[in-house]
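Here the structure is laid out as structure tokens; the discussion comes afterwards.
Any read-out appearing in this document is the output of simple, stated calculations on the displayed coordinates, not a laboratory observation. Bear in mind the structure is a predicted one, so any value in this text is a computation, not a measurement. Positions of Cβ are generated from backbone atoms using ideal geometry, with glycine treated the same way; all protein chains shown enter the neighbour counts.
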Amino acid sequence: MRVVVTGVAGQVVQSLVERGMALGHVVLPLGRPHLDLAQADAPAIAAALALARPEAIVSAAAYTAVDKAESEPDLAFAVNAAGAGNVAAAAQALGVPLVHLSTDYVFSGAGTRAWREDDPTEPQGVYGASKLAGEEAVLAACPNSAILRTAWVYSPFGANFVKTMLRLAETREELGVVADQAGNPTSALDIADGVLAVAANLIGGADPARRGLFHMAGTGETSWAGFAKAIFAASAARGGPTAQVNPITTAEFPTPARRPANSRLDCTRLAATHGVRLPAWQTSLDKVMDRLVAAQGEER
């Protein structure tokens, strides 16, 4: 399978390249300067994607600076809404399926039940609103698409919560971590496996049930504080840095953009339709920790 993915440096893009190679696929990242969703018009995006000759396209490039988006709404919408729509239109013109990545931030974050695909959307900030607009643009432009909402992404690559915790533990004995937000920690390596499986399913048949909205996140849930405790337990077991986690409230850690108290995603539909269920988050965390702690040891 020849897959073109928008973006170059993101966690999911790097994971797709690694997992694609392991699974025998050709994964071609396409990003700036050759593909700039914020600057390029629809014909330019279509031309760049056509030149790469994809069998499927993964729309992974996004504006993900949640707090900064509050002061840069135009840029967030240019990339996450207009840019995503242009990628979807290109996929439709090329006659190839599209897998588009989205987020739990399209929901309000209220309640305690895991969000389902048919729940009402109510983003609480610019980032979530721009991603919701992107979902709508994708579905309108390319019916042959699957939108995968995910949450709490981490990996051996880029910047993420796991790497931040390990870095802070190098110099601090205690850390205050938010305990009143819950979600599904999700390894980008698992996301990559899921994306490739969904892309293959879209190529393999025209079943309309395999198109549309799906949730894809790690199995099981925890709080940020619970996640941090698991990170430090795994790190300590490998001789890496550790710190005491002191649970705090969201109010004690204010941010420009409101974070969802409830980021839980119900992934039943994805499992039933595509046969994809991501592993327990603890299992995937162990695999990522093996790599991160080993890498830290090599840097010392």
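Tabulated values for the structure
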{"quantity": "Nearest-ten-degree value, helix 188-204 long axis tilted from longest Cα axis of the chain", "calculated": "20"}
{"quantity": "Neighbourhood net charge (13 Å Cβ-Cβ; Lys/Arg +1, Asp/Glu -1) for Thr222", "calculated": "0"}
{"quantity": "In Å, descending, principal axis extents of the Cα set of region 2-299", "calculated": "55, 39, 39"}
{"quantity": "Length added when fully stretched, Arg2-Ala93, from 0.36 nm per residue minus Cα-Cα", "calculated": "31.0 nm"}
{"quantity": "Computed over region 2-299: relative contact order in percent, which uses C-alpha pairs under 8 Å that are six or more apart", "calculated": "21"}
{"quantity": "Proportion of all alpha-carbon pairs of region 88-169 beyond 20 Å (%)", "calculated": "48"}
{"quantity": "Virtual spin-label span in nm between Asp36 and Asp290, 7 Å along Cα→Cβ", "calculated": "4.1"}
{"quantity": "Alpha carbon convex hull of region 76-219, volume per residue in cubic angstrom", "calculated": "131"}
{"quantity": "Nearest 10 degrees, 0 to 90: helix 11-22 Cα axis against the chain principal axis", "calculated": "70"}
{"quantity": "Gain on full stretching of the segment that runs from Val26 to Lys68 - 0.36 nm per residue minus C-alpha separation", "calculated": "11.7 nm"}
{"quantity": "Rounded to 10°, Cα long-axis angle of helix 126-141 versus longest principal axis of the chain", "calculated": "30"}
